Structures are given as structure tokens and as C-alpha cells.
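Asks: Dropping the structure in here first, questions after.
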Amino acid sequence: MRIGVIDIGTHTSRLALFDVAAPAGPLPAQFAEINFITRLGEGLSASGVLSESAMSRTLDALAVFRAECDAARADVVAAVGTAALRSAANSAEFIRRARDAGILVEAISGEEEGALSFAGVAVGFDSPPARLLVIDVGGGSTEFTFGARGEREAGVSLDIGAVSLKERHIASDPATPRERESIRRRVEAEVEAEVLPISYPDAVCAGVAGCVTTLAMMDLGLDKYDAAKVHGHILTAEGARRQTDRLFALDIAGRRAVPGMEPLRADVIHAGAELVCAAMDALGVRAMRVSETDIRHGLALRELRRAGFYK
């Protein structure tokens, strides 16, 4: 059985293709992926709606994804939309246009997003830790999900992400110390109010998504992105802070010149990096395990369970 899963984020749209040989067999093997920075949530913080240009970019990506799924003879194609589709007043229009293009998009809640990310991260461990915290730093929201022995137990989704924080707090380039501090205060206040009350002080922390993996790439000193090296990297709080300091010292041209940096991520990466550092500090997390298995893997597992492949 082959499954195509599509994650439509505020900043990036991603396709992953998985193959599973038989029911109750090995967990699905990913054999292809395509990622586009489509910026579906561009300007959403100010306008409250998805712009025509943002929808068109993302629909163009979905057309490519549909063609790839057809070429791979995927038996199932599942697509979810996250923060941008949760909050935009015209998300129904985008979902209708995606359906017309052959992709059925499900706008999932923040809690569902966190649960899928948690499942995807947990399956990436040879043996899931006794207690696990998964932090999924997106463009429009960040999910904090706690669980034990690979099963989710509690979680919260905060309406803070790399794109939304950049649009609301940073107007200068390079950002000023005051702008950076305003991000830190915002993140710390929300984490302390919403996440600390449900937190596990002894949980192993894992981080996913582009801001976290980019910090890991920088921390490793890679000349170009290498998923095999990034997956499993232990990003310490000190290492994250060191790379975030580096990003805030640069203007957008300098951030684009960072080895391995996706050019279209350069305008928001510093805001997302500060979010990571502030969240780690607020929760007392000294290190996080960076994971390349994420919401896409969790979505693939969900679809396989629905098809009767897994319990």
C-alpha cells in the first residue's frame, strides 16, 4: 500500500510518499518527498484572510503533489492544513479550490496537529522514552505535546509561530534588541501560562519543523542541509542560543548567505529561532533531540490504521 501525505503549513507545503508492504509489518518507509515554501499565511496576521497570491502559490504546489501521487500510484492521498487554515476567514474558499484540483484538505485543530506530530516523532525512536515532550514550531502556531511510552497524554497549541511573530514584532532589518526581546517576552508569557501547568519536568524533549531543523543544521556546521545528519542531533539550549545570536546579528542578505539556508526562510528564521530558545528556557529544557519524523509520519500512521494495517 502506498500513501501520499500532504502537510499545508502557514509557511511551507510538504508532500511525503510512504510504502508499506503488509499489515502489521514494518512501519511505513518514506521513499520520496517534495517541499515548497508557499507562504499560505503571508499577511494573515494583519488581514485575517488568505491572499489570492498566497492561495495561488499553494494551489500550484498541490497540483504538483497530486501529479506526484498519481505517478507513484498512491492508494491513499491525505492532506491536512494547520494554523493558516484554522484562522483565516476565507479558508473554506481555499479548501474548495483545492478540492477542485483533486486534493481533499482537512483543516485540523491545534490539538490534532500536536497529536499527529507526537505520533510521528515517537515512531522515529528505536524505543520511545518513558516521558516525551514534542515541540512543533510552525509558521503560525507552535504545539507542545506530552506523552508517555509513545502515547499522547496532554498538549496545547499556541498561536505563535515564526511567520506570525515576525509579522507582529519585527519591522527592522536587522531586528533591534527591543524587537527581539518583545518576541522573547511574548513566548515566555504564553508558555508559562499554558504549557508549564501540563508539563513533565523529566520528559525527553524532541523538536520538529523547519526552524528547529535549520538551527540543527547550523549547529552541526553543515555546508548544505543533510536530513540524515540532522535527524537525531542533540541541540542544546546553548547551541540554539549561539545560532540565534548569529541570525539576529545578520540582515536578510546575511541570513540568506548562511550555508544551507533556504532563501525563502531567511526573513522569518530569526523569529522562529528566538521562539525555540525562549520556549526551551521557559520549560527548563537543556537539550532537544531534533527529529525528521514528524506530522507527515503521524498522518501516514493514522491513514494506515484507518485502512486496518495497524491497531
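Asks: Got a sec? Which of 14, 57, 99 is open to solvent by 20 Å² or more (accessible area, probe 1.4 Å), touching a Ser or Thr at 6+ places or on another chain (Cβ under 8 Å) and not in a loop (DSSP other than H, G, I, E, B)?
Replies: 57
Asks: Are any of the residues in the range 224-241 in a helix (DSSP H, G or I), open to solvent by 20 Å² or more (accessible area, probe 1.4 Å), acidic (Asp, Glu) and more than 22 Å from residue 15 (Cα to Cα)?
Replies: Filtering the range 224-241 down to residues in a helix (DSSP H, G or I) leaves 227-230, 237-241.
From what's left, open to solvent by 20 Å² or more (accessible area, probe 1.4 Å): 227-229, 238, 241.
Remaining after also requiring acidic (Asp, Glu): 238.
So of that shortlist, the ones also more than 22 Å from residue 15 (Cα to Cα) come out as 238.
There is at least one residue in the range 224-241 that is in a helix (DSSP H, G or I), open to solvent by 20 Å² or more (accessible area, probe 1.4 Å), acidic (Asp, Glu) and more than 22 Å from residue 15 (Cα to Cα).
Asks: Another one. Check whether at least one residue in the range 179-191 is in contact with a strand residue (DSSP E or B) (Cβ under 7 Å, 6 or more places away or on another chain) and either assigned to a strand (DSSP E or B) or free of Cβ contacts under 8 Å to residues at least 24 places away in the same chain (or both), and report yes or no.
Replies: No, because not a single residue in the range 179-191 is in contact with a strand residue (DSSP E or B) (Cβ under 7 Å, 6 or more places away or on another chain) and either assigned to a strand (DSSP E or B) or free of Cβ contacts under 8 Å to residues at least 24 places away in the same chain (or both).
Asks: Also, quick follow-up: What residue, of 156, 121, is β-branched (Val, Ile, Thr), buried (at least 19 other Cβ atoms within 10 Å of the Cβ) and touching a Phe, Trp or Tyr at 6+ places or on another chain (Cβ under 6 Å)?
Replies: Exactly one of 156, 121 is β-branched (Val, Ile, Thr), buried (at least 19 other Cβ atoms within 10 Å of the Cβ) and touching a Phe, Trp or Tyr at 6+ places or on another chain (Cβ under 6 Å), namely 156.
Asks: Could you give me the residue pairs with C-beta distances under 7 Å whose first residue belongs to the range 291-306 and is within 15 Å of residue 150 (Cα to Cα) and open to solvent by less than 30 Å² (accessible area, probe 1.4 Å), whose second residue is of a type in the set (D, E, K, R) and assigned to a helix (DSSP H, G or I) wherever it lies, and which are 6+ apart or on separate chains?
Replies: Listed by first residue and then by second, the contacts come to 295/113.
Asks: Which pairs have Cβ atoms under 6 Å, sit 6 or more apart or on different chains, and link a residue in the range 221-242 that is over 12 Å from residue 207 (Cα atoms) to one that is in a strand (DSSP E or B) and open to solvent by 40 Å² or more (accessible area, probe 1.4 Å)?
Replies: The qualifying pairs do not exist here.
Asks: Tally the residues that are outside any helix (DSSP H, G or I) and open to solvent by 20 Å² or more (accessible area, probe 1.4 Å), restricting the search to the range 60-74.
Replies: Residues meeting the conditions: 2.
Asks: Related question: Checking the structure you have, find out if any residue of the range 179-197 is open to solvent by 70 Å² or more (accessible area, probe 1.4 Å) and farther than 21 Å from residue 241 by Cβ.
Replies: Within the range 179-197, one or more residues are open to solvent by 70 Å² or more (accessible area, probe 1.4 Å) and farther than 21 Å from residue 241 by Cβ.
Asks: With respect to residue 23, is the statement that it is closer than 24 Å to residue 213 by Cα, in contact with a Phe, Trp or Tyr (Cβ under 8 Å, 6 or more places away or on another chain) and either open to solvent by 40 Å² or more (accessible area, probe 1.4 Å) or at pLDDT below 90 (or both) true? It would help to see each step written out before you state the result.
Replies: Values: closer than 24 Å to residue 213 by Cα: no; in contact with a Phe, Trp or Tyr (Cβ under 8 Å, 6 or more places away or on another chain): yes; either open to solvent by 40 Å² or more (accessible area, probe 1.4 Å) or at pLDDT below 90 (or both): yes.
Criteria not met by residue 23.
Asks: Enumerate the pairs (first residue in the range 251-265 and within 11 Å of residue 217 (Cβ to Cβ) and small (Gly, Ala, Ser); second residue anywhere and assigned to a helix (DSSP H, G or I) and at pLDDT 95 or above) with beta-carbon separation below 6 Å, excluding pairs fewer than 6 apart on the same chain, so at least 6 apart or on different chains.
Replies: Note: pairs meeting the criteria are 260/217.
Asks: Scan the range 199-220 and tell me whether some residue there is open to solvent by 60 Å² or more (accessible area, probe 1.4 Å), assigned to a helix (DSSP H, G or I), touching a helix residue (DSSP H, G or I) at 6+ places or on another chain (Cβ under 6 Å) and not aliphatic (A, V, I, L, M).
Replies: No; the residues of the range 199-220 include none that is open to solvent by 60 Å² or more (accessible area, probe 1.4 Å), assigned to a helix (DSSP H, G or I), touching a helix residue (DSSP H, G or I) at 6+ places or on another chain (Cβ under 6 Å) and not aliphatic (A, V, I, L, M).
Asks: Here is a follow-up. Considering only residues that are within 20 Å of residue 268 (Cα to Cα) and aromatic (Phe, Trp, Tyr), which ones fall in the range 197-236?
Replies: 225
Asks: Out of all the residues in the range 258-276, is one or more open to solvent by 40 Å² or more (accessible area, probe 1.4 Å), among the charged types (D, E, K, R), outside any loop (DSSP other than H, G, I, E, B) and under 25 Å from residue 83 (Cα atoms)?
Replies: No: the range 258-276 contains no residue that is open to solvent by 40 Å² or more (accessible area, probe 1.4 Å), among the charged types (D, E, K, R), outside any loop (DSSP other than H, G, I, E, B) and under 25 Å from residue 83 (Cα atoms).
Asks: Among (1) surrounded by 19 or more Cβ atoms within 10 Å (Cβ to Cβ); (2) assigned to a helix (DSSP H, G or I); (3) not basic (Lys, Arg), there is one condition residue 134 misses while meeting the rest; what is its number?
Replies: Every listed condition holds for residue 134 apart from (2).
Asks: Moving on. Any idea which of (1) open to solvent by less than 20 Å² (accessible area, probe 1.4 Å); (2) under 18 Å from residue 162 (Cα atoms); (3) not in a helix (DSSP H, G or I) is the one residue 279 doesn't satisfy?
Replies: (3)
Asks: Looking only at the range 102-118, filter to residues that are touching a residue at least 60 places away in the same chain (Cβ under 8 Å) and within 14 Å of the chain's Cα centre (by Cα); which one of those is most open to solvent (accessible area, probe 1.4 Å)?
Replies: In this case the residue turns out to be 115.
Asks: Sticking with this structure for a sec: Would you check if there is a residue in the range 75-96 being at pLDDT below 95, open to solvent by 20 Å² or more (accessible area, probe 1.4 Å), closer than 24 Å to residue 309 by Cβ and out of contact with any Gly (no Cβ under 6 Å at 6 or more places or on another chain)?
Replies: Yes, the conditions are met somewhere in the range 75-96.
The values are calculated or read from the model by the stated rules, or taken from the named source; none is laboratory data. All of these numbers come straight from a predicted model, not from anything done at the bench. Using ideal geometry, Cβ is built from the backbone for each residue, glycine included, and neighbour counts are taken over all protein chains shown. To get the accessible areas, we keep the full protein, side chains included, count just its heavy atoms, and leave off ligands, DNA and RNA. Shrake-Rupley method; radii C 1.70, N 1.55, O 1.52, S 1.80 Å.
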